[in-house]
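Some notes on the structure that comes next.
Laboratory data are not the source of any read-out in this text; all were calculated from the coordinates shown. Nothing here was measured: the structure is a model prediction, and the numbers come from that model. Cβ placement follows ideal geometry from the backbone for every residue including glycine, while neighbour counts extend to all protein chains displayed.
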Amino acid sequence: MTQPPDPDMTQPAPADVRQPPPMDIPAPPPADAPPPPPGGPPPGYLPSAPPVPAGYGYGQPGGMVAPPGMYFDQASGLMLPQGVELASSGRRIGAYFLAIPLAIVTLGIGYVIWGLIIWANGQTPALQVLGMRCWRPEEARIAGFWWMALREVVGRIAEGILSFITLLISLILMLTRPDRRSLHDLIAGTVVLYDPNKVLAGQPPQPPV
């Protein structure tokens, strides 16, 4: 006589079905809560954090914070005063050639006296006419009288040592360097800024130490 099959052997084992974790469903607002204003955010909306003010690490090298009244010039890699910019190569070349007629008109001696007076403001006669000024990034100040004397006397002598060759080297440096420093700028540690609104006019220079 045939034995009936064992029901425990014929029925498959139930699969190990794992239920998904319960979802966090936000609770509905209370019945007495006021309705949201027209065009306002939906319930449960979280506003984004306020933006970080400009000059607070963003756009600065390595998150550097720009001092008050300064900004980081990406092209030159220098920290410059607000309201000024690095003088263009064309303006620098224009100042070089402008010095020739200015020296002729002032009979030479007048040009020298003029320069000695305004060196304390970080300028030469040609730079003053074209709204430019020499700046020392290492000190974050305009170049004083003695720095300008170093630039205009020692620097110009160095440029004239090999005559046209050193003048050409100085021009190539100014055209190719991102900070547009020529040979006499490298000697005095200066850069030339375009300051049309005379932002730096009231800043006292610092003598060399």
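Per-structure values
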{"item": "Relative counts (whole %) of C-alpha pair distances in the range 74-194, using bins that are 10 Å wide", "result": "14, 47, 34, 5, 0"}
{"item": "Residues 193, 80, sorted so that the one with the fewest Cβ neighbours within 10 Å comes first", "result": "80, 193"}
{"item": "Pairwise label distance in nanometres, residue 165 with residue 153, each label 7 Å out on the Cα-Cβ vector", "result": "2.7"}
{"item": "Neighbour-count order for 105, 112, fewest beta carbons within 10 angstrom listed first", "result": "105, 112"}
{"item": "The range 131-172 versus the range 92-116: alpha-carbon centroid distance in Å", "result": "16"}
{"item": "190, 166 arranged by Cβ crowding within 10 Å, fewest neighbours leading", "result": "166, 190"}
{"item": "Cβ charges +1 (Lys, Arg) and -1 (Asp, Glu), total dipole of the range 74-194, debye", "result": "100"}
